[in-house]
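First the structure, in the form of structure tokens, and then the observations on it.
The numbers here are math on the coordinates, done by the rules we state, and not lab data. For clarity, every value in this text was computed on a predicted model and none was experimentally measured.
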Amino acid sequence: MFDKAIKEKLDLLIVHHGLFWGIEQTITGLMYKRVSKLIKNDIALYACHLPLDAHPVVGNNT
């Protein structure tokens with residue numbers, strides 16, 4: 001998906017599931033490869049799954 005976003009010269013990629021889940025983590029290995037592709041190509045990533053789950057009206061984890 002990231003390679004296609006780069007090929008299409010996107011500025012923003014909107015996804016359902018994000019790369020990070022709750023805890024702060026060091027970005028290394030495969031995660032570094034993924035994140036660095038976006039950074040090097042100036043592509044922002046917006047993931048809406050976790051914010052929507054926590055929403056008091058439309059979420060299902062409240």
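Evaluating kT/(6 pi eta Rh) at 20 °C and 1.002 mPa s, with the Kirkwood radius of the stretch 2-54 over Cα pairs in the Stokes-Einstein relation, gives 179 µm² s⁻¹.
Only helical runs count toward this figure. For the chain, summing -39,500 (n - 2.57) over DSSP H runs of n ≥ 4 and dividing by all residues gives -10500 deg cm²/dmol at 222 nm. State the extension gain, in nm to one decimal, for the chain segment bounded by Val58 and Lys33, taking 0.36 nm per residue of separation less the distance between their alpha-carbons. Full-extension gain reported as 5.7 nm.
Amide H contacts for Leu45 (H built 1.01 Å from N in the peptide plane; partners 5 or more residues away or on another chain; cut-off under 5 Å): Leu13.
For the stretch 2-54, the relative contact order works out to 56 percent when only alpha carbon pairs closer than 8 Å and six or more residues apart are counted.
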